[in-house]
């Protein structure tokens, strides 16, 4: 089968080849024919080394497809089912799962660093990003990593729910628990940032400021729910005009940099919630003083995978889309083929595109 392989951190080009196979299915695994997969900024972060992964690795973690085969111990799905892929499968038995935080489960995340499910060339092992590797025609995942979805949800919509939508909408609904009538600022208008905007809108926020240096993204931000937009240099002025200088109830950071985390902190009112959604580098330190942490009374929150239980939230988000409450089609910049992935990565580096979606035959 075909897939896109990263040999080493820093490589500019992916090795797109057609000689991949999967290792034998385990009794608790599901084999999925990938039908659509997103090109996410986290994929680029693996290429640059910001997000560590074992190498060589097939990239891609945001996807949807059709079940081809199941292990003998799998009862949750069967061949022919449409599924959304979950890149953080919950084992159900660890303290995080039992405590109601399945998005923090590390069982299969750790396994993905030692279990190479792909083979290519002369039986050379290759890993899948986050245990997935959706930039391949087929993948194998634990049964907890394949969540059934109604077949009337298009594969490209289902794929976006697999990461960007759940991460962003979940940050507003699950992590921040945005209140009706509140105010919010969202810094970064990529796919995740736009999803945060939609989550804030669905939750009833009445003022939603979208901040991005690329003015070309502002119109779409307004289309999906932002009431106002600005570039970073205009943020302080917007705080004054939209909140009377008090600051926003919620400050969302969807970039993954200390500078933008601090911008979100400064834009949030005393006692408000600052929610970090972007995935940043390990050596990028946020310079918050102990004095400010206490006396400004702000809550600094992280939102990993939107604080979601995907068994509940994937169908919930699909239902919001069906009801016309989430605009997912507008977030797709283009539909491409696997052979176009190197061009897609280059476009992602440029920053202008939102979600490019690979469609498989």
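Each value in this text was obtained by applying a stated rule to the coordinates, not by laboratory testing. Please read all numbers here as calculations on a predicted model, not as lab measurements. Using ideal geometry, Cβ is built from the backbone for each residue, glycine included, and neighbour counts are taken over all protein chains shown.
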Fill in: Where the Cα pairs of the chain fall when distances are cut into 20 Å bins, in %
31, 57, 11, 0
Discussion item. Among 163-174, 234-245, how do they line up by average Cβ neighbours within 10 Å per residue, starting with the highest?
Written reply: 163-174, 234-245
Response to the item:
Fewest-first ordering of 216, 182 by Cβ atoms within 10 Å yields 216, 182
Item to complete: Would you please classify the overall shape of the stretch 89-201 from the alpha carbon gyration tensor, given that a ≥ b ≥ c denote the square roots of the eigenvalues, rounded means a/c under 1.5, and beyond that prolate means a/b larger than b/c while oblate covers the rest?
Response: prolate
Item to complete: As a check on your grasp of the helix formula, calculate [θ] at 222 nm for the chain: sum -39500 (n - 2.57) over DSSP H runs of n ≥ 4, divide by the residue count, round to the nearest 500.
Response: -7000 deg cm²/dmol
Fill in: Listed peptides 139-152, 335-348 by packing density, highest first (mean Cβ within 10 Å)
139-152, 335-348
Discussion item. Need the full-extension length gain, residue 349 to residue 111, defined as separation in residues times 0.36 nm minus the C-alpha distance. One decimal, nm.
Written reply: 82.7 nm
Fill in: Degrees separating the helix 258-267 axis from the principal Cα axis of the chain, which is the longest one
40 degrees
Discussion item. Give me the percent relative contact order of the chain, please, defined on Cα pairs under 8 angstrom at least 6 residues apart.
Written reply: 18 percent
Response to the item:
At 37 °C and 0.692 mPa s, the Stokes-Einstein diffusion coefficient in µm²/s for the stretch 168-304, with hydrodynamic radius from the Kirkwood sum on alpha carbon pairs, is 230 µm²/s
Worksheet, complete the sentence: Listed residues 199, 188, 280; largest mean-square fluctuation, Gaussian network over the chain with Cα springs below 10 Å, found at 280
Worksheet item: Which residue, 251, 191, 49, tops the fluctuation ranking in a GNM of the chain built on C-alpha contacts under 10 Å?
Response: 49
Practice prompt. Kindly express, to the nearest 10 degrees and within the range 0 to 90, the angle between helix 191-203's C-alpha long axis and the longest C-alpha principal axis of the chain.
Written response: 60 degrees
Worksheet item: Counting DSSP beta bridges with both partners in the chain, what percentage is antiparallel, nearest 5?
Response: 55 percent
Worksheet item: Which of these, 56, 125, 27, has the largest mean-square fluctuation under a Gaussian network model of the chain (Cα springs below 10 Å)?
Response: 27
Fill in: Between the stretch 42-102 and the stretch 227-265, the Cα center-to-center distance that results, in Å
34 Å
